[in-house]
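Sending over a structure as structure tokens; questions will come in a sec.
The values are calculated or read from the model by the stated rules, or taken from the named source; none is laboratory data. Small disclaimer: the values here were computed from a predicted structure and weren't measured. Methodologically, a virtual Cβ is constructed for each residue, glycine included, from the backbone with ideal geometry; neighbour enumeration extends over all protein chains shown. The accessibility values were calculated without ligands, DNA or RNA, using every heavy atom of the protein model including side chains. Shrake-Rupley method; radii C 1.70, N 1.55, O 1.52, S 1.80 Å.
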Amino acid sequence: MKFKGYAFGIISSVSYGLIPIFILPVKQAHFSLDITLFYRFFFSAIIIGGYLLYSKENLSINKKEGLILSALGLCYGLSSEFLFLGYDYLTAGIASTVLFIYPVIVALIMFFFYKEKLTKLSILSLMLAFAGVIILCLKNNSLEINYTGLGIVMISSIFYALYIIIVNKSDMQVSGFKLSFYSMIFTSIFFMLKAIISRESFVIPSVFILLNFLIFAFLTTVISTLCLVFAIKNIGSTAAAILGALEPVVAVIVSVLLFNEEFTTNLFIGITLILLGVILNVLAGGKKVAHV
């Protein structure tokens, strides 16, 4: 059972780390990102909704749950929006790594707003993560920060952290599948409204693009989310969260191999420090995580 849990955790992280394979070509082709993300979450919701109907789970929610789930959908949507916007300014590897400091942001928000104590391990993790971000911004041993890109991805990370805090503090009695289903429904509504305001067409121009959307949704969202749920069941949230450290590593490998991102010493040191910081933070707090 433990082996199964670790296998599910690794599959979850690897599938999520494949996002640049689907997003970067869409951005390079100047295809609508809002339409792409609408279909990503819409198809994901349909697939998970199908599973919930098959397992005969009650899909009804009350008003309070509806408000919380819509807030989760908004956080989910804004986090995705800012991450993919950040790809315009930072390489996919660096953007994915900066996003991954969200557990550290969770610890800071919990400290300042909920008066949770920061342990020595948590403080060390903060220092390592921020040192990693600074090293990622070093170029030729000089501090050349793309402030716009860094700021945009940090905003993405903040919304992702808020998503996790709302899940942890809302005390909703819903399963992980049901929570994922409604989060994806509300997130798809967010991108649908954006696309309608921008007067973009929802017509899928070819079967090839339809298949791309379906594979994108299935691989990076459904597989990732479901495997995370199974991993948490088998090995617990702390171990599953630590395996999540593979996400930016996979994104960096994909960016280097497929999109010619330069694998520099700074990138290696920066990602290593951030991963160490996040793993220490998870060990200190054991927070449950969810995927964007």
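Take Ser55, project a point 7 Å from its Cα along the Cβ direction, then tell me which residues of region 165-196 have their backbone nitrogen under 18 Å from it.
Answer for this model: 172-185.
Where only protein heavy atoms count, and the probe is 1.4 Å, what is the accessible area per residue for region 1-56 in Å²? Intermediate values should be presented prior to the final figure.
Details: 2770 Å² over 56 residues.
Solvent-accessible surface per residue comes out at 49 Å².
Quick one: Debye curve from the alpha-carbon atoms of the chain only, equal weights, vacuum; give me log10 I(q)/I(0) at q = 0.12, 0.13 Å⁻¹ to two decimals.
-0.75, -0.90
Still on this structure, I have one more. What order, most packed first, do the peptides 194-206, 40-52, 74-86, 117-129 have when packing is the mean number of other Cβ atoms within 10 Å of each residue?
Values: 194-206: 11.4, 40-52: 19.9, 74-86: 23.0, 117-129: 16.9.
Output ranking for 194-206, 40-52, 74-86, 117-129: 74-86, 40-52, 117-129, 194-206.
Pop out the ³J(HN,Hα) list for region 202-212 in order, Karplus 6.51 cos²θ - 1.76 cosθ + 1.60 with θ = phi - 60°, rounded to Hz; leave Gly and Pro as x.
For region 202-212, the Karplus curve yields 8, 5, 8, x, 7, 5, 4, 5, 4, 4, 4 Hz.
Residues of region 150-247: accessible area per residue at 1.4 Å, in Å²? Mind showing how you got there, number by number?
On the way: 4270 Å² over 98 residues.
Heavy-atom accessible area per residue stands at 44 Å².
Expressed in nm to one decimal, what extension gain is obtained for the pair Asn62 and Asn260 from 0.36 nm per residue of sequence separation less their Cα-Cα distance? Working shown, then result.
Details: separation 198, 0.36 × 198 = 71.28 nm, distance 4.87 nm.
Stretched fully, the Asn62-Asn260 segment lengthens by 66.4 nm.
Oh, and also: Is it possible to state the helix-based mean residue ellipticity at 222 nm for the chain, with each DSSP H run of 4+ residues giving -39500 (n - 2.57), the sum divided by total residues, to the nearest 500 deg cm²/dmol? What is it? Working shown, then result.
Numbers: 14 runs with 220 residues, N = 292.
Value at 222 nm, helices only: -25000 deg cm²/dmol.
Pick from Thr36, Thr265, Thr221 the residue whose mean-square fluctuation is largest in a GNM of the chain, springs joining Cα atoms under 10 Å.
Judging by the Gaussian network model, the answer is Thr265.
Which residue fluctuates the most in the chain, going by a Gaussian network model with Cα springs under 10 Å, if the choices are Leu67, Leu24, Leu226?
Checking each option, the largest mean-square fluctuation is seen for Leu67.
Could I ask something else about it? Can you run phi through the Karplus equation (6.51, -1.76, 1.60; θ = phi - 60°) for region 247-264 and list ³J(HN,Hα) in whole Hz, with x for Gly and Pro?
Coupling constants for region 247-264: 4, x, 4, 5, 4, 5, 4, 4, 5, 5, 6, 9, 10, 6, 6, 6, 8, 8 Hz.
Stretch Ile123-Ile166 to full length: gain in nm at 0.36 nm per residue minus the Cα-Cα span? Kindly include the intermediate steps, with their values, before the conclusion.
On the way: separation 43, 0.36 × 43 = 15.48 nm, distance 2.29 nm.
Separation in residues times 0.36 nm, less the Cα-Cα distance, equals 13.2 nm.
I've got another one for you. Given R₀ = 51 Å, FRET efficiency for Phe3-Phe112 by Cβ-Cβ distance, to 0.05? Before the final figure, lay out each step's value.
Numbers: r = 40 Å, r/R0 = 0.77.
So, using R0 = 51 Å, E works out to roughly 0.80.
For the chain, which whole percent of the accessible surface, found with a 1.4 angstrom probe, sits on carbon and sulfur atoms? Show your work: numbers first, answer last.
On the way: 9700 of 13880 Å².
Within the chain, the accessible surface is 70 percent carbon and sulfur.
For Lys64, go through the aspartates and glutamates and keep the ones whose alpha-carbon is under 19 Å away, minus same-chain ones fewer than eight residues off.
Asp171
Okay, next question. Under 10 Å, Cα contacts only: if you run a Gaussian network model on the chain, which one of Ile134, Ile105, Ile94 comes out with the highest mean-square fluctuation?
Ile134
Give me the extension gain from Lys233 to Val203: residue separation times 0.36 nm, minus the current Cα-Cα distance, reported in nm with one decimal. Intermediate results must be reported in sequence, preceding the final value.
Details: separation 30, 0.36 × 30 = 10.80 nm, distance 3.94 nm.
Here the answer is 6.9 nm.
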